[in-house]
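Have a look at the structure below, then the notes.
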Amino acid sequence: MKSYMSIPRFVPGKSDEYSSLEFIAFDKKDGSQIRAEYSHKQGFYKFGSRHVLLDEQHEQLGKAISLIQDTYASKLSKIFKEQRWDSVTCFFEFYGPRSFAGNHHKDDNHQVLLFDVSPAKHGLISPVPFIKLFNSVGVATVLYQGNINDDFVESVKNSTLPGMTLEGVVCKAANPNGKKTSQPIMFKIKTEKWLNMLREFVAYDEELFQRLM
C-alpha cells in the first residue's frame, strides 16, 4: 500500500519562505491514520494503519474498516469512476471523543474523516481540487486560507483560531512545480495545550514526547 508522507513541524522563521504560497489550514483531529486502498474492480479492499495492514479483528483500529465502508465507500467510488481513476489510496483519521496521541477507548463512539486522496501514479491531490472533489462526502474542516504569517501561527499555538479543535492544524499548498506526481507543500502546527498534555501523558519522557508529537 502507498504510505503517507511524514508531515514536518512548522519551524519558526519560515513565514518569509512561505510568503509566496497560499495555504489552506485544515483542522487536525487527534486520532490514528488509516489507509484504504480502492480499485475499480474490487472497491475498497485493503486497509492499513500508518505502518501495518489491518483487518476488522484489530483491537483498537479494526472498527475503522466498517466505518469507511458504511460512510464513505459508495460516495467515493462514484467520484473515482467519474474521474476515471482505477486505483486510489485514501487517508482517513480515526478518532473518538477520548482519543489522544494514537490511543483510543474501545467503547467510544468513533468516527473516520477523509483528509487526503492519492490516485495511482499521482501525488496527493492538491488542497483546492481536493476540497472541490470531496467536500460533499466529508473532509477535514478548513479553518484558514491565505499566506502564513506570525499572527496565524500564534493563533494556532494559543488555541485562539476559530473552529479549531484540540491538537492543531495541517497547512497545505499546491506544489509550485506543477507536476501531478509532486506532493503538496505541507507542515503541521500543534497547540501549546496539546503539547503540554502530551508531556504529562508520557511522564515527561523527552524521547517518547518527540516521537509522538
Just a yes or no: is a residue in the stretch 183-193 free of Cβ contacts under 8 Å to residues at least 24 places away in the same chain and either in contact with a Ser or Thr (Cβ under 7 Å, 6 or more places away or on another chain) or surrounded by fewer than 15 Cβ atoms within 10 Å (Cβ to Cβ) (or both)?
no
Among (1) over 18 Å from the mean Cα position of the chain (by Cα); (2) modelled with pLDDT of 95 or more, which single condition is residue 147 missing?
(2)
All but one of (1) in a strand (DSSP E or B); (2) crowded, with 16+ Cβ neighbours inside 10 Å hold for residue 145, so report the exception by its number.
(2)
Pairing a residue in the stretch 197-209 that is within 12 Å of residue 102 (Cβ to Cβ) with any residue that is among the β-branched types (Val, Ile, Thr) and surrounded by 15 or more Cβ atoms within 10 Å (Cβ to Cβ), where Cβ atoms lie under 9 Å and the two sit 6 or more apart in sequence or on different chains, gives 208/202
So which residues in the stretch 148-178 are surrounded by fewer than 20 Cβ atoms within 10 Å (Cβ to Cβ) and at positive phi, if there are any at all?
159, 163, 178
In this structure, does residue 169 turn out to be in contact with a Phe, Trp or Tyr (Cβ under 7 Å, 6 or more places away or on another chain) and aliphatic (A, V, I, L, M)?
yes
Starting from residues that are of a type outside the set (Gly, Ala, Ser) and over 16 Å from the mean Cα position of the chain (by Cα), keep the ones in the stretch 29-45 and report whichever is farthest from residue 166 (Cα to Cα).
41
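The values are calculated or read from the model by the stated rules, or taken from the named source; none is laboratory data. Just so it is clear, the model here is predicted, and its values are computed rather than measured. When we count neighbours, we look across all protein chains shown, and the Cβ atoms used for this are built from the backbone with ideal geometry, even at glycine.
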